[in-house]
1. Taking only DSSP H segments of four or more residues, each worth -39500 (n - 2.57), what value at 222 nm results for chain A once the sum is divided by all its residues, to the nearest 500 deg cm²/dmol?
2. What is the mean projected area of the alpha carbon convex hull for the range B:179-282, to one decimal in square nanometres?
3. Grab the eigenvalues of the alpha-carbon gyration tensor for the protein assembly as shown, scale each by 5, take roots, and send me the semi-axes largest first in whole angstrom.
4. Could you list which residues have their amide H under 5 Å from that of residue A:29, counting only those 5 or more apart in sequence or on another chain, with H placed in the peptide plane?
5. At what distance in nm do the modelled label points of residue A:249 and residue A:54 sit from each other, each positioned 7 Å from its Cα along Cα→Cβ?
6. Please order A:224, A:198, B:246, B:233 by the number of other Cβ within 10 Å, starting at the fewest.
7. What relative contact order, as a whole-number percentage, does chain B give when Cα pairs under 8 Å and 6 or more residues apart are counted?
8. Rank the residues A:51, B:203, A:81 as a footprinting-exposure proxy: fewest other Cβ atoms within 10 Å of their Cβ go first.
Amino acid sequence: MNSFMRWAGFIVVLFIAAPLVIVVPMSFSNASSLQFPPPGYWLGYYRAYFTSVDWLIPTWNSILIATATTILTMVLVVPATFALVRHRFRGKGFADLMMLMPMAVPHIVMAVGYYSYFGDLGLVHSHLGVILAHTCLSVPIAFLVLSANLKGFDRNLERAAQSLGASPAKTFLHVTLPILRPGLVISSLFAFIQSFDETVVAIFISGRDAETLPRKMFDSIRQEADPVIAVISTVLFFVVLIGIAAPYFAGALRSRAPKPSRPAGAH
Amino acid sequence: MGISLSKLTEKTNIWPWLLLAPLGIYMLIFFVVPLAEVAIMSFTEPKVSLANYQKFLTGALYQRVFLNTFMTAAFVTLCCLLVGYPLAYLMAHSKPRTAMLILLLVTMSFWTSFLVRTYAWMVLLGNNGPLIAFLQMIGFDKPPQVLFTRFSSTLAMVHILAPYMIMNIYTVMKKIDPALIRSAESLGARGWSLFRHIYLPLTAPGIANGSVLVFVICLGFYVTPVLLGSPREQMIAGLIGHQIEEFLAFGLGSAMAMILLVVTLIILTIYHRRFGLDKLWG
């Protein structure tokens, strides 16, 4: 059993790795269509990406929308998480469940809803519409990360501060927040990525005016498979690689391996 | 006396409500109302009737897509299990360095946008790609069409969803006490029998978790089947998108969305009763 599992596992490693690394040589290819191995190499598609408004505007839109989504998500989720973790009240079980609901609903269902609802409100094809929708979809993952952090919080530290004369506000600012900072950072990061990667709702409501990068990539793959996609894929590949590998090497975070949990239903 | 006092403080404590209110109102306006609108549209577009559901339940095309979606999701789940189990095993029972490298790879796959992964499969399986070149090399004069078939979309979905399965099974495998395996061996359990009676049952919770997650995500999968699959063998999410974008058939699209939603929620409710929904995403 042992050696069989190991051989099978090794083959699976290749299956998982091949599609991740193949985009790198593809991005340097000089072929105008999908050809592998590439007939020759050049940097033309990198120039095409970094000089083309058609690609840079969606990239900028995605960054803008994901940033605004993260801020809005955190403003709403942080107080709610404190209420749900630290207080007991009637209907708490229901509220806990409601926090996770946007994760349980398939995104295509939400896309139909937003398409029609935001159509009535005049919010389709606008940045604001995408931000409002993405915030809903980011709430569960931000809540899960933050509540796990807050549950592990030793409240004696707050009591100690207060017994030494700190006011509740001071305690929150100087004790609670600093201790929670890693949790807040990771939960913001997850909210950001959830929005940056979200495709289905963006396809339906972002239109041409607020086109996000995943929407542009989707359209491009569907129509002509523009080789510039390989460039974007390579850039994203290295961003993720650096993001994941950095904590391994950064001494400060040595004990904290990246947790690869990711919102479900995101496809 | 004590009870009434605690009830009183519970009632007068408005803090949790104040803290919850902004998010609660937000979710009401931007989550509950749009969902309700889908539900309402399914009964009222184009006129008030059950016609949309009737159309779905009697139309041969819709039934085929619905069935196809279920079969695909079940098949993808099975493949993820077959692919994920050995890899999780390799991770759980290798030297720390090897295990960490594989964990890094799986994490990479997790975090890489699934549009990127979908595109990569287009390259790998395309007519000018390595698979076709290999098939020609070993003697296929006219290699079969691989891209834009059920095979290509299934393969890509297995690749995209496998990390969910792997992480769930890996977490459980890591917690297995090696002493348990040793004592089973000392009692004579070997090979297949050891796996079948000891190891597999111990990893069952991870398998259940991973399978529910993969199955539910796969049911509602839109992007990959639309981009890589055969246009003649759509899944339900693709068909919903088609109704809305091409035909502006909001009623029928909403009815199908409601059916997808109800099926998804039934599966998750069963899961929630047994394990608790917050465990699902780890």
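Bear in mind that the values in this text are calculations on the coordinates, not laboratory data. All figures in this text were calculated on a predicted structure; none of them were measured in a lab. FYI the Cβ positions are ideal-geometry reconstructions off the backbone, even for glycines, and counts take in every protein chain you see.
1. So the helix-based figure for chain A works out to -24000 deg cm²/dmol.
2. Answer in nm², one decimal: 9.9.
3. Value: 37, 32, 26 Å, ordered largest first.
4. Residues meeting the criterion, in which the H sits 1.01 Å from N, are A:42.
5. For the pair residue A:249/residue A:54, the computed spacing is 3.6 nm.
6. Numbers: A:224 11, A:198 27, B:246 8, B:233 15.
Exposure proxy ranking, most exposed first: B:246, A:224, B:233, A:198.
7. Relative CO of chain B lands at 28 percent.
8. Arranged by neighbour count, lowest to highest, A:51, B:203, A:81 become A:51, B:203, A:81.
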